[in-house]
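The values are calculated or read from the model by the stated rules, or taken from the named source; none is laboratory data. From a predicted model like this one, the values you see are computed outputs, not experimental measurements. With ideal geometry, Cβ positions are generated from the backbone for all residues, glycine too; neighbour counts draw on all protein chains shown.
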Amino acid sequence: MSGTPITKLETWAEVPKNSDFSIYNLPFGIFKNKRLSPRIGVAIGVKIVDLSVLDQEGFFSDLFLPEGIFLSETLNDFISLGKQKTRKVREKVQELLLADNASLRDHSIRGKVMVNRKEAEMLMPVKVGDYTDFYSSIEHATNVGKMFRDPENALLPNWRHIPVGYHGRASSIIPSGTPIYRPKGQYKDPTMDLPEFGPSRRLDFELEMAFITGKETKMGDSISTKDAEEYIFGFVLFNDWSARDIQAWEYVPLGPFLGKSFASSISPWVVTTEALEPFKVQGPVQTPEVLDYLKIEGEGNYDLNLEVHIAPDGKAPTKVCDSNFKYMYWSVAQQLAHHTVNGCNINVGDMMASGTISGATEDSYGSMLELAWKGTKPLKLDTGEERKFIADGDTVIMKGYAEKDEVRVGFGEVSSRVLPAK
Ligand code: CA
């Protein structure tokens, strides 16, 4: 048995079977609609709980929250209140939604509190200060090593000793539903004598999860693996768009740059660590043993089903990948401990992505690069079309959910369409 046990709960809210947004989830996000300005909401079934209305009605009066905290355009100030407070807000919402709790259920304000999710537009949940991208799936790192270096010695010597990462670009992180432009840049295929310039011909997705930090540290401070969770507010799905041809030419010797910085898309609902607690599992055994500051006790991974679908322009999607967050070699606690071990300070709203999450089987690879094996094994879509990489007009959809004992906690989706280069 893994993770914490689940106590069964019933709600009066309308939650369709298999909804990602069950009474056990209650993720936070920023929404607006034709009538309402941007504000903080909690997703439940087909509705969004408008926390600002609950607050105005005094439902949170015993929590002594700053005035107007839920009318913010990002979650940053709310998250900055600390887990003690944000946990209590989530628990209060859960309590109010319980089937036998009449205080909101039978209140005249109920219609104003419960907003239709369908009619709402989801915005960026946080203002991202800094974005870090890790490279923590051993299957992904091995596949890339096999393709571009040595099939026999695919992993570089440092890989099993440090959670490899680099500093990414925060300005181009966008919420689900925002289209991206095919990036332009330099590339030089082995067949070319000189580099050429143009729209990327190898546009790819990367299936990742990202966590959002919820507590700052001062310069010089480090976070231990034991304390790491107190610094993590929650998670989102993360599509780390990549231009493989631009990346391959530019990355030596300083690492990824324009092949990665043009866009990363995220799911808009931030699922808290509290909601994911029941789905914790042991990570893979790490060999050789890691250095002391990277050691973790207990369950550091999450059993989270992940999927990628590709929908060609105006056509039905085809599922191209089934993976799981539990495959990660390096856990999020190890990533955060490593990130801060040199004294680098973190802020509320930093985003740290896992790196492409691939599994051991060919249908669990988290990028086109791997699924179509560097273009040598084109993927067949249900429409009859083939893909080596992502075409203009394609929409890439990622989904993620955890499920146990008929309890489901999910992320919804991150969906983004590729437009031709501008
Ligand atoms: Ca990445």
Next on the checklist: For segment 243-300, which positions are over 20 Å from I173 (Cα atoms) and aliphatic (A, V, I, L, M)?
Outcome noted: A248, V252, L254, A275, L276, V281, V285, V290, L291, L294, I296
Checklist entry - Residue check: is L276 away from the ligand (no atom under 16 Å from the Cβ), under 30 Å from S2 (Cα atoms), among the aliphatic types (A, V, I, L, M) and modelled with pLDDT of 95 or more? => result yes
Checklist entry - Tally time: how many residues in segment 200-224 are assigned to a strand (DSSP E or B) and farther than 30 Å from I79 by Cα? => result 2
Checklist entry - Restricted to segment 149-199, and to residues that are hydroxyl-bearing (S, T, Y) and in a strand (DSSP E or B), which residue is farthest from the chain's Cα centre (by Cα)? => result Y187
Item to check | Hits in segment 300-315 - residues which are part of a loop (DSSP other than H, G, I, E, B) and under 20 Å from I162 (Cα atoms) | outcome: G300
Item to check | Matching residues in segment 261-273 - criterion: being aromatic (F, W, Y) and either within 16 Å of the ligand (Cβ to nearest atom) or exposed (fewer than 14 other Cβ atoms within 10 Å of the Cβ) (or both) | outcome: F262
Item to check | Per-region count, segment 57-90, residues part of a loop (DSSP other than H, G, I, E, B) and among the basic types (K, R) | outcome: 0
Item to check | Looking only at segment 245-260, and only at residues there that are of a type in the set (A, V, I, L, M, F, W, C) and either in a loop (DSSP other than H, G, I, E, B) or within 13 Å of the ligand (Cβ to nearest atom) (or both), the one that is nearest to P190 (Cα to Cα) | outcome: V252
Checklist entry - Of the residues S176, S242, S172, S200, which single one is more than 29 Å from N345 (Cβ to Cβ), among the small types (G, A, S) and within 16 Å of the ligand (Cβ to nearest atom)? => result S200
Next on the checklist: Can you pull out every residue in segment 316-367 that is in a loop (DSSP other than H, G, I, E, B), crowded, with 24+ Cβ neighbours inside 10 Å and within 16 Å of the ligand (Cβ to nearest atom)?
Outcome noted: M328, W330, S354, G355, T356, I357, S358, Y365, G366
Next on the checklist: One residue is enough: does segment 284-299 have a residue meeting the conditions in a loop (DSSP other than H, G, I, E, B), buried (at least 20 other Cβ atoms within 10 Å of the Cβ) and in contact with a strand residue (DSSP E or B) (Cβ under 6 Å, 6 or more places away or on another chain)?
Outcome noted: no
Checklist entry - Can you name the condition, by its number, that E370 falls short on among (1) within 15 Å of the ligand (Cβ to nearest atom); (2) in a loop (DSSP other than H, G, I, E, B); (3) more than 17 Å from the chain's Cα centre (by Cα)? => result (2)
Checklist outcome for this item: In segment 364-384, anything over 14 Å from V144 (Cβ atoms) and touching a Ser or Thr at 6+ places or on another chain (Cβ under 9 Å) is listed as S364, L379, K380, L381, D382, T383
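Residue by residue, here is whether (1) touching a strand residue (DSSP E or B) at 6+ places or on another chain (Cβ under 6 Å); (2) of a type in the set (A, V, I, L, M, F, W, C) holds:
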residue: G3; (1), (2): yes, no
residue: E10; (1), (2): no, no
residue: P27; (1), (2): yes, no
residue: F31; (1), (2): yes, yes
residue: V42; (1), (2): yes, yes
residue: I79; (1), (2): yes, yes
residue: G82; (1), (2): no, no
residue: K85; (1), (2): no, no
residue: K88; (1), (2): no, no
Item to check | Options S108, S136: the member that is at negative phi, within 16 Å of the ligand (Cβ to nearest atom) and part of a loop (DSSP other than H, G, I, E, B) | outcome: S136
Item to check | F31 outside any loop (DSSP other than H, G, I, E, B), closer than 19 Å to N116 by Cα and among the aromatic types (F, W, Y) | outcome: yes
